[in-house]
1. Is region 20-240 best put as rounded, prolate or oblate by its Cα gyration tensor, with a ≥ b ≥ c the root eigenvalues, rounded for a/c under 1.5, and otherwise prolate when a/b is larger than b/c, oblate when not?
2. Rounded to the nearest 0.05, what FRET efficiency do TRP284 and ARG14 have when you use their Cβ-Cβ distance and R0 = 30 Å?
3. Sort TRP292, TRP284 by heavy-atom solvent-accessible area, probe 1.4 angstrom, most to least.
4. Label 7 Å along Cα→Cβ of LYS228; region 110-142 residues with amide nitrogen under 19 Å?
5. Label-point separation (nm) for TYR220 and GLN41, each offset 7 Å from Cα along Cα-to-Cβ?
6. Tell me the angle of helix 224-236 to the major Cα principal axis of the chain, expressed in degrees between 0 and 90 and rounded to the nearest ten.
7. Where the only charges are on Cβ atoms (+1 Lys, Arg; -1 Asp, Glu), what is the dipole of the chain about its Cα centre, to the nearest 20 debye?
8. Can you give the angle from 0 to 90° between the axis of helix 287-301 and the longest principal axis of the chain, with both taken from C-alpha atoms, to the nearest 10?
Amino acid sequence: MNRFRRLRTSPTIRRLVRETILTADDLIQPYFIVEGKNKKQAIASMPGIERLSTDLLLKGLEKFIKSGGQAGLFFGIPTEKDDQASQAYAGNGVVQKGIKSIKRNFPEFLVITDVCLCSYMKHGHCGVMEQGHVHNDKTLELLTKTAVSHAQAGADMVAPSDMMDFRVKAIREGLDQAGLINTSILSYAVKYASSFYGPFRDAADSAPQFGDRKSYQMDYANQREALKEAQQDVVEGADMVMVKPALAYLDIISLLRQKLSVPVVAYSVSGEYSMIKAAAQKGWINEQEVVWESLVAMKRAGADMIITYHAKDVVGIRS
Ligand code: PBG
């Protein structure tokens, strides 16, 4: 038996025995890119996050980089949607143009792109619709074209978030055939059909026009299935695997960290962000403290890095 309070007596000793350290190196900031110049569109359900045209996005990035930020996850909001998601893989699409100028200005900044079709499809589903169903294998072709076009524009890493089966394999083959052997794949391996994505769908204008995503995203009641998804994605060629959402899924993060040897990424999603923002705006919680505590919890559970909308607010604060 011992007196555990001894190791809590001063800030110095508490820092010495601290098991989990969170730094700016662990954080990835999501960004939403729109067409045009000088465009800044607030997202009502996500205070502090905006959709930005590339010129303004570059200014935001400069600030983020100065405070220690080094990686971003980029989403595009196209002006045109159709049934083939053609703007998702257009050479002059909103993401492709955006990445080119980001890489021109900040070559060291790590650019990860979200590879999905929902924002580019009229119906808002993540793949090709046929007779009311998302057709898995026809979707693979479009996802591969999208990933290759992102990589050709300069993306360092592509992150498929559609949840089609075999998409990691298809994308890896597509990238390799195009000679893009160094573009890595961060798979949204474990993506649950979650109501925590609500605010994001306002931001990316990607809500399904009918039905839901339950036939491709996972049932949040399932844990073993997460391991199967992630193991297979590693076999298919994923360099890193993601768990999404994060805070309500720490058991899944912990499980993957124990069972796999690839880096595990936590995506703390829009709803997690908005809940903290809303409570903080009401004066009910201390925003900075709650954000830090949540992010440390994700790392403690086993996340090697975290995608969070709070990244730009917290990178400069502590390390
Ligand atoms: C696209 C995609 C979504 C998110 C990331 N990529 C939404 C969805 O699947 O409906 C959610 C991100 C967030 O909520 O922050 N498929």
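1. On the way: a/c = 1.34, a/b = 1.24, b/c = 1.08.
In terms of gyration-tensor shape, rounded.
2. Details: r = 27 Å, r/R0 = 0.88.
Efficiency for this residue pair is about 0.70.
3. Working: TRP292 35, TRP284 185 Å².
The ranking, largest first, comes out as TRP284, TRP292.
4. So the set is 136-137.
5. 2.7
6. 60
7. On the way: 40 positive and 36 negative charges, 287 e Å.
Dipole size: approximately 1380 debye.
8. 80
The values are calculated or read from the model by the stated rules, or taken from the named source; none is laboratory data. Bear in mind the structure is a predicted one, so any value in this text is a computation, not a measurement. So basically every Cβ, Gly included, is an ideal-geometry build from the backbone, and we count neighbours across all protein chains shown. Surface accessibility is based on the protein's heavy atoms, side chains included, excluding ligands, DNA and RNA. Shrake-Rupley method; radii C 1.70, N 1.55, O 1.52, S 1.80 Å.
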